[in-house]
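All of the numbers you see were taken from the coordinates with simple rules; none came from a lab. None of the values given here were measured: they were computed from a predicted structure. Using ideal geometry, Cβ is built from the backbone for each residue, glycine included, and neighbour counts are taken over all protein chains shown.
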Amino acid sequence: MNYSDFLDRKTQLGCDHGFEPSWMPDNLFQFQMSLVEWACRKGRAAIFADCGLGKTPMQLNWAENVVRKTDGRVLILTPLAVAFQTVKEGEKFGIEVKHRREGLRNGDRIVVTNYERLHYFNPNDFDGVVCDESSILKNFDGETRKAITDFMRKRPYRLLCTATAAPNDYIELGTSSEALGELGAQDMMNKFFKKVENTTSARQEHMSGFFRLRPHAERDFWRWVCSWARAMRKPSDLGFDDGAFRLPPLNVRQHVVKAERPRDGYLFDLPAVGLAEQRSDLRRTVGERCDMAAQLVNAHNRPAVVWCNLNAEGKRLARSINGAVEVAGCDSEEHKEETFAAFISGNVRVLVTKPTIGGFGLNLQHCAHQTYFPSHSYEQYYQSVRRCWRFGQKNPVTVDMITTEGQENVTANLQRKSEAAAVMFDNLVGMMRDELKIQKHNDYTNREEIPSWL
């Protein structure tokens, strides 16, 4: 490889590369049509729409327009066990979508596969790429993020769809920008952020950031994000009627269980500080927390999702809950998809799994009860809750948060991240609504004022 080839491999296609959509089905909502039209005209764009607002129909219709424009192919990347839902959604709109695990077949136009299967596909076979639940790109140094960015680098049409863009830190928006051919993550940090000294103690270091948005650059930063992204939590954020897109109540109940015995060397439990102490506290209280979850779910016969973080938790929960089936990381993709489909159809009453396995993309509106063991990841918490509490849910949703006295700092950190995510979405939505509209001024019809000295 010579130096010119090396530079070409690193170079992105930049600038707008869009077109006017040629096809739009009648069964899309008006706000969905508006976003699809904008994404087609943009060519490379991000849609940060809340759960249940129809990101899958929007990305499918965007893909169909790209295929009709280019007479080529579009690849849709989804989290594990979500591809089968995309195929079914395509059938509703008359869009032919093929689920492929090991490469293309003759006649394929729109292909859906899991992120883990990306290495079976050649980027040169596609004109467009869609990343469903694109928050996976937040892993700055992750191999998955690098592989996806490299795959998309030369594709003229790209679409990112997620409900939780940068829930923990604005800097994570840089990975989405880089994937679309805008500013790279490091370039974005240099332009809009400043590095600050970390004055916290070593035991609190994981709770603090090292970069802060420059105060004088805040408005320019959000205007820049809005140049390639659209964010909405409900249709009225973009000026449309909310209609049926109103959520039922969400009831989050806190349960603090007491460990049978305190940590070694302590007379009573204190809040764990640092990841090592917090993980030790979790392992020590597996029985108490799982028993509480089983008690809550066994008290009724309705569907429920029981989220866990440790393998030991999943096995214990599956044994102690009536009608429960566990989906573990070691299970085959076929078993995962079959179990998720069985839960959605009502053949399985209780689903036990981890947020990293089933917390992204699944539509579980038929279920209105969850139990959750909190961790530091706000993204996992938000996505897990939103599997059930999403537009289309007809009943109030109950989430039982089960924690211990030692996990006090974890709960506080999760709350801090929740507030930061709310601020981010307020900024995005407010900037699009107030800053990017065209103000028309007519200064030629004002009556002249005669100075008093005349």
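See the values below:
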read-out: Estimated dipole of the stretch 330-402 in Debye, rounded to 20 [Cβ of Lys and Arg +1, of Asp and Glu -1, Cα centre]; value: 360 debye
read-out: Positive-end extreme of charge dipole, the stretch 13-167 - chosen from ILE47, VAL111, GLY90 (charges on Cβ); value: VAL111
read-out: Residues LEU213, LEU317, LEU362, LEU250 arranged by fewest to most Cβ contacts within 10 Å; value: LEU250, LEU213, LEU362, LEU317
read-out: Förster-model FRET efficiency, 22 Å R0, ARG246 and ASN395, C-beta, rounded to 0.05; value: 0.95
read-out: Sequence ranges 214-220, 172-178, 108-114, ranked by mean other-Cβ count within 10 angstrom, highest first; value: 172-178, 108-114, 214-220
read-out: Gain on full stretching of the segment that runs from SER236 to PHE6 - 0.36 nm per residue minus C-alpha separation; value: 78.1 nm
read-out: Gain upon complete extension [LYS92, SER332; 0.36 nm per residue less C-alpha separation]; value: 83.6 nm
read-out: Per-residue ³J(HN,Hα) for the stretch 179-192, Karplus 6.51 cos²θ - 1.76 cosθ + 1.60, θ = phi - 60°, Hz, x for Gly and Pro; value: 5, 8, x, 7, 4, x, 4, 5, 5, 5, 4, 5, 7, 10
read-out: Residues TRP453 and ALA422, FRET efficiency given R0 of 56 Å [Cβ-Cβ distance, rounded to 0.05]; value: 0.50
read-out: Under 5 Å, built H, 5+ apart or other chain: amide partners of VAL252; value: VAL399
read-out: Rounded, prolate or oblate (a/c below 1.5 giving rounded, otherwise prolate when a/b exceeds b/c) for the stretch 297-429 by Cα gyration tensor; value: prolate
read-out: Inter-probe distance in nm under a simple model that places probes 7 Å from Cα toward Cβ, at ASN322 and HIS99; value: 3.2 nm
read-out: Dipole magnitude of the stretch 54-130, debye to nearest 20 (Cβ charges: Lys/Arg +1, Asp/Glu -1, about Cα centre); value: 100 debye
read-out: Mean separation of Cα contacts under 8 Å, 6 or more apart, over the residue count of the stretch 324-395: relative contact order %; value: 31 percent
read-out: Gained length - ASP71 relative to ARG223, 0.36 nm times residue gap less alpha-carbon distance; value: 51.3 nm
